[in-house]
Amino acid sequence: MFSDADAAALYDVLNPWDPVRRADGGFFFPLVMDAESVLDIGCGTGAMLRLARERGHRGRLAGLDPDRAALERARRRADVEWTEGTAADARSGAGFALATMTGHAFQNLLTDHDVRTSLTAIHGTLRRGGRFVFDTRHPRARAWEGWTPANPDDVVDVVHEDGRALRYWHEVDSVTGDVVTFHGTVAEPDGTVLRVLHESLRFLDVAALGRFLGGAGFVIEAQYGDWHRGPVTGDSREIVTVARRG
């Protein structure tokens, strides 16, 4: 068996939160540490907020995620607020200084309705002048074309926290408009499949992101094409957006 709890633990193994060794962590973590109150939407196992508290953040830290098994891991740290729910469930009037969506979690919003209701809720949970910072993959980079076991960089061998050796890879099932549906396979090193995890992601371009953000009342302060604050170009793999509540 490979349970939901196992899958949540594997996520931490595959995606360690390290603001020194990972460029995305190096971008987001200083923003979190400088903000007096932070809501991390799609917080998963809560690694970013747990580390912020460990590193001395004294303000309000809150995480929101619909994955119950991931939140069970997050709740091992009780001095952070953890809530089960989606971005659309963000509480209006909470007055956060900063809201974040890391790990390309914004791309899990698959329909126009999902995007609009989520952005409206995020706007409402921020105080005036508060910022919403998130990352999406630039669609022109076509990242999904590398999500195949034929790509050796996509096949990852790891050791689970319980000591099991595991192999993980992706395969794309369909590309429909701007939505890519794929699955990740968790297997033993010999290829014996333990679990298949299904997911869909939406790839919005700069113009579409701007329309949605403007419609929700946000002003875009900056957009970057990489984690070092380079400009968004046709060759960029990322669209990192800093938006402000007016």
**Message:** Computing the accessible area with a 1.4 Å probe over protein heavy atoms, can you report the carbon and sulfur percentage for the range 200-239?
**Reply:** 49
**Request:** Mind telling me which of D67, D157, D235 comes out most flexible in a GNM of the chain, alpha-carbon contacts under 10 Å?
**Result:** D235
**Message:** Using the crude model of +1 on Lys and Arg Cβ and -1 on Asp and Glu Cβ, and no other charge, please compute the dipole size for the chain relative to its Cα centre, in debye to 20.
**Reply:** 1180
**Accessible-area value, M48, 1.4 Å probe, nucleic acids and ligands omitted, Å²** = 10
**Asked** What is the magnitude of the charge dipole of the range 194-246 about its Cα centre, with +1 placed on the Cβ of each Lys and Arg, -1 on the Cβ of each Asp and Glu, and no other charges, expressed in debye to the nearest 20?
**Response** 220
**Message:** Relative contact order for the range 1-70: what percent, with Cα pairs under 8 Å and sequence separation of 6 or more?
**Reply:** 35
**Request:** Using Cα pairs closer than 8 Å and at least 6 residues apart in sequence, work out the relative contact order for the chain, in percent.
**Result:** 17
**Fill in**
At the level of C-alpha centres, the distance separating the range 90-152 and the range 232-246, in angstrom, is 11
**Prompt:** Quick one: net charge of L201's neighbours, Cβ under 11 Å, K/R +1, D/E -1?
**Reply:** 0
**Distance between the range 8-79 and the range 163-188 - C-alpha centres, whole angstrom** = 24
**Prompt:** Residue farthest toward the positive end of the dipole of the range 111-246, with Cβ of Lys/Arg at +1 and Asp/Glu at -1: which of A165, W144, P231?
**Reply:** P231
**Prompt:** Do any GluC sites (Glu not before Pro) in the range 140-245 lie in a DSSP loop with no more than 16 other beta carbon atoms within 10 Å, and if so, which?
**Reply:** E161
**Request:** Mind giving me the nanometre distance, one decimal, between the label points for M1 and T111, set 7 Å out from Cα along Cα→Cβ?
**Result:** 3.4
**Asked** What is the calculated FRET efficiency for E145 to E199, with r their C-beta to C-beta distance and R₀ = 25 Å, to the nearest 0.05?
**Response** 0.95
**Request:** With runs of 4+ DSSP H residues as the only contributors, calculate the mean residue ellipticity of the chain at 222 nm using -39,500 (n - 2.57) per run, divided by the residue total and rounded to the nearest 500.
**Result:** -7500 deg cm²/dmol
**Message:** Taking the solvent-accessible surface of protein heavy atoms with a 1.4 Å probe, what is the per residue accessible area of the chain in Å²?
**Reply:** 48
**Message:** Output the 0 to 90 degree angle, nearest 10, between the alpha-carbon long axis of helix 4-14 and the longest principal axis computed from the alpha carbons of the chain.
**Reply:** 80
**Message:** Using a 1.4 Å probe on the protein heavy atoms, what percent of the accessible area of the range 1-57 belongs to carbon and sulfur?
**Reply:** 50
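The values are calculated or read from the model by the stated rules, or taken from the named source; none is laboratory data. Because the structure is predicted, anything quoted here is derived from the model rather than measured. Methodologically, a virtual Cβ is constructed for each residue, glycine included, from the backbone with ideal geometry; neighbour enumeration extends over all protein chains shown. These accessible areas exclude ligands, DNA and RNA; they are computed on the full protein's heavy atoms, side chains included. Shrake-Rupley method; radii C 1.70, N 1.55, O 1.52, S 1.80 Å.
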